[in-house]
1. Taking a label point 7 Å from the Cα of residue 278 along the Cα→Cβ vector, which residues of region 304-319 have an amide N closer than 12 Å to it?
2. Are there any chymotrypsin sites (Phe, Trp or Tyr not before Pro) in region 294-350 that are in a DSSP loop and have at most 12 other Cβ atoms within 10 Å? List them by number.
3. With r as the distance between the Cβ atoms of residue 476 and residue 409 and R0 = 25 Å, compute the FRET efficiency 1/(1 + (r/R0)^6) and round to 0.05.
4. Using the per-residue mean of other Cβ atoms lying within 10 Å as a proxy for protection, in what order, highest first, do the peptides 380-389, 467-476, 99-108 fall?
5. How would region 156-250 be classified by its alpha-carbon gyration tensor: rounded, prolate or oblate, with rounded meaning a/c under 1.5 and the a/b versus b/c comparison settling the rest?
6. Counting other Cβ atoms within 10 Å, which trypsin sites (Lys or Arg not before Pro) in region 204-256 have at most 15 and lie in a DSSP loop?
7. For an R0 of 60 angstrom, estimate the FRET efficiency from the Cβ-Cβ distance between residue 170 and residue 339 and round to the nearest 0.05.
8. Report the paramagnetic label zone for residue 440: residues of region 381-415 whose backbone N is under 13 Å from a point 7 Å from Cα along the Cα-to-Cβ axis.
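What follows is calculated from the coordinates using simple rules that are stated; it is not laboratory data. Since the model is a prediction, treat every value here as computed from it, not as a measurement. Every residue, glycine among them, receives a Cβ derived from its backbone with ideal geometry; neighbour counts consider all protein chains shown.
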Amino acid sequence: MGWSNAHLYEFKLYTPENGIDTAIGVPDEYYEVNRSFMDSRKTRLSEVFSGPILYAKYVYDFGDYWEHWLKIIEVADIAEYTQWPVCCGGNGICPPENTGGVSEYLLERTSAKCAEFKMEPPLDYVSSSCHTDRTCFDKDEILFWGFENNNTTLTPSECDLWIRRLTQGDISIDEVVIDLCFAIPAQDIRDLYEAVITKPLKVRNKATVILGHAKGIGIPFISECLFVPTRTIHDVISRYKRSGVQQSLFNKKRGFKHEIQDYISKVISILHAPPSSYGFNRTSWRQEDILKVMADEGMGISKDGLRAIIKSSGYSYKKARTVLTSNDPDYKEKLENITNILSKLSGNEKFFSIDEYGPFAIKIKGGKSLVPSGTHKSVPQWQRSKGSLILTAALELSTNQVTHFYSEKKDTAEMIVLLRRLLEEYPEENTIYFSWDAASWHASKELYEAVDEINSEEYKKHHKCPTIELAPLPTCAQFLNVIESVFSGMARAIIHNSDYQSVEECKEAIDRYFQERNKRFKNNPKRAGNKIWGKERVKSLFSECNNCKDPKYR
């Protein structure tokens, strides 16, 4: 068209469903507040012509007020890198700028017809400065506002400032999109802006060339500012028009190898096969082995490219962990039983977690500790033991109190001794629950007989004691035994880094530890986090997700 976009314009759309009159144009203070308005600089055709809207009215030059009706006929598939828009055809020619509107233009055409037939023009005719062939139309002569028609006029200092601000990230992406969306697609602007900010210098310069040229900055000035030859600038701009952003910035004929599907599929197929199938005496893949297989099969790739494929495919090197599991077929039932007991535990009932610690030798123990600079702490591999200890203990969960004594060995007799000691310590309770792991001496016939004897009416006639209920843990579920966390805290505090000279000295330290711990929790029911007994691996609460047994401190 022969118009130079020198006047204001507006598109008007009407949606039959809700009756809203939508305006699309360049916003200013004269737009009515009660109308729906869209900024034409940020609006795509796909956002406008969708659903019930198939027509729009276009008004150009609010003085002459040229009205046009636009209709969407077909949404066609387009090539990936074709430069748009494209004029498919037309008929006639548009009126020139500033002709005064429809009436003045018709009057001018009437005058032209009169001259053709040697007739006098009407008396009220005002001569127009426009003299053009109104019948000739050539779609190849149609120009669009883009690179060739950027009417932005900048001084050299403004051009220099704009390029500097762009390369330093001082102009936001939204500002650049609004400024240049008439010249190049918004998505291209975003891709180019990202390249300017994040890519290497060579790619940054190419992206700056395209954006600067779209801004209307001359090629000689861009060359001088970026120290890039004018021939290179012409080549970048030409390649962008022909092939798009990626080809213009990276000049890729086939693309990076880590982006080619054949290479990706080959690497994944190698990872899915064991190394032995390719002749490697290994059980897991190394990157150098994968690179060798790729090279042997004619698909060589760099180590960086291989890393990119592995990372994008979601693979990473991870160490296998030992999973805490129980093979007890009644795992859920036993777990649910313990949980129900704890949830309904009353004030005159107690729940004990029971286990043994040891046997462990009394000798120099290793561990982490503060040492002065230049000092290297060591522990002799071969030492003469000063004796050994087995600690049998019970942790009451509701009060966090520990009852303990020392045993000669781990057997049922020691468990019965612990039962009777707890009965003496808690005679006023109605019920005492005992929970322990599935060790053989914890589930022996002799132990069950002792429990039945204590719970019998004959025994209660002569002894004032609570009823005993057993709540065993599932098989191979020591990690659920809460007292293990207490043993871990004790080992960290007084066993590691120790060098006790006798068994008695070690016993004194253990007795003091539990005495202080019990006192602390008795005076402060809440967990004391800064004390050594508050450093236990997990909180002394029963939970299915607990791992109370810490191999680092046992």
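1. 306
2. Of the chymotrypsin sites (Phe, Trp or Tyr not before Pro), the ones in loops of region 294-350 whose Cβ has at most 12 other Cβ atoms within 10 Å are 317.
3. Computed FRET efficiency for residue 409 and residue 476 comes out at 0.65.
4. 467-476, 99-108, 380-389
5. Taking the square roots of the gyration eigenvalues as a ≥ b ≥ c, region 156-250 is rounded.
6. Hits after loop and neighbour filter: 252, 253, 254.
7. Efficiency at R0 = 60 Å is approximately 0.50.
8. Taking a point 7 Å out along Cα→Cβ of residue 440, the residues of region 381-415 whose backbone N falls under 13 Å are 410-412.
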